[in-house]
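Have a look at the structure below before the remarks.
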Amino acid sequence: MSDNGFLMGPDSARVVLLPFTPAAELRSNVQIQDTRVTQILGRILALDDATVERQLADVTANFDDRHRDLTARFEGRAAQLVPPGLTESRRRLAGAYFLMEYAFESAALFNPSVVAHPDQSGAPEGGLRFIISLRAVGEGHVSSLTFRSGTVTANGRVTLDPAARLASLPHQVSRESAEGFDTVTFAFDPTFDLSERVIFPMTPAQSKGIEDARFVVFADGDARHYCATYTAYNGQGIRSELIETTDFTTFRSTTLQGTAARNKGMALFPRKIDGRYAMISREDAENLYLVTSDNLYTWNDGVVLLKPKYAWELIQIGNCGSPIELDEGWLLFIHGVGPVRNYAIGAVLLDKADPSRVLARSREPLLRPMAATRGGYVPNVVYSCGGMRHGDCIILPYGVSDMFSHVTTMRIDTLLRTLDPA
């Protein structure tokens, strides 16, 4: 096992613009909020023209290099709140008063997953380009989804591309609900760097977080697209949702339904098995289940696949991303929780034709918190949301102490030799 010499950590300088409604965080009474907005608008309308022009010029100069299309953002927010008939400058200034910057990754950048990049142009000979998804956490412990790109060489050397200075939200969002399914479609400007794209909560069910996306390249015949299960959190309850994309520019997220989707930590197999979709789930917050379905969005009747067995995992186990297909079977990384709520990572080998059969598993963890890095937002945790195969190696990004992320590589033959027969 080889740990690469870089880490991905939080950066408070990366910010996005969000709507700001005074007192919305403190008072739930909509009428009170509307009154505050009306009062503030009244003060803005009372400003003389010279003050409006001066203040607008000042705020534009102060924030223009921090965001794309700043004037358009002022206009967009004004369209939601400001009455018609105002001058252009006064309307834009009013829009600025009802926006706020949010440092979406100021607290943590962790729980990554990795997939091959849809665009392999410029990849090193014998290597490939990849995309890492990460859970970013900012003020109030609100989680969003962000991305990094990089390359891996033929011999497994990983290099990470620098992150963009700017960060942007989707420019196009549509929502629909039918038969209990909520679907949101959204898109980014394709000219924006991948690392600039931030998927921030967009629905009430996601209001406090889009957590722990487990991306996988899903193959259906010759067609391939990217899927990720993730946890939507609203501050009180959770639900599982699925995000889909072909290019990491346009996305669609959909609610998952069924008994197996009521908990977190679902991970999709990268292809159908015997004509059915397959998922690893954790329906009871303790054991791992295998569940199959005839569609991607409804999951019921899982069967127990794996229970805590060894000392490092006796509290509970969960998956660390989608199973990886090998000649020997399905390689499934798992996390286990042991004494002092210590999270470690191990692996399981499942039968390729019948993944309900466990062939081998880790008696001891492959990765565990180290003394030098165990401190952080949540101490004593290593956790991954998915690795990928590259030749004879596995590339596994993982979060450390719910704060930052590393990438490790391991040879498949060496890894398999560490597993005990079931």
Ala219, sole failed condition from (1) hydrophobic (A, V, I, L, M, F, W, C); (2) closer than 24 Å to Ser281 by Cα; (3) free of Cβ contacts under 8 Å to residues at least 24 places away in the same chain: (3)
Strands (runs of 3 or more DSSP E) within segment 259-365 that include 3 or more residues within 25 Å of the chain's Cα centre (by Cα) and either closer than 25 Å to Phe110 by Cα or of a type in the set (A, V, I, L, M) (or both): 277-281, 288-293, 316-319, 329-338, 342-350
Segment 199-244, subset among the hydroxyl-bearing types (Ser, Thr, Tyr) and either within 19 Å of Glu105 (Cβ to Cβ) or within 11 Å of the chain's Cα centre (by Cα) (or both), residue surrounded by the fewest Cβ atoms within 10 Å (Cβ to Cβ): Ser207
Evaluation of Gly399 against (1) more than 16 Å from Phe147 (Cα to Cα); (2) crowded, with 21+ Cβ neighbours inside 10 Å (one fails), failing number: (1)
Filtered residue count, segment 165-195, keeping only those that are within 20 Å of the chain's Cα centre (by Cα), outside any strand (DSSP E or B) and either surrounded by fewer than 16 Cβ atoms within 10 Å (Cβ to Cβ) or assigned by TED's automatic domain parsing to the domain that holds Arg73 (or both): 4
Among the residues listed as Arg271, Arg239, Arg282, Arg262, the single one being basic (Lys, Arg), touching a helix residue (DSSP H, G or I) at 6+ places or on another chain (Cβ under 7 Å) and either farther than 22 Å from Leu419 by Cα or in the same structural domain as Lys352 (by TED's automatic domain parsing) (or both): Arg239
Matching residues, segment 109-165, being of a type in the set (Ser, Thr, Tyr) and in contact with a Leu (Cβ under 8 Å, 6 or more places away or on another chain): Ser133, Thr146, Ser149, Thr151
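The values are calculated or read from the model by the stated rules, or taken from the named source; none is laboratory data. Small disclaimer: the values here were computed from a predicted structure and weren't measured. Here Cβ is always computed from backbone atoms with ideal geometry, including for glycine, and neighbour counts include all displayed protein chains.
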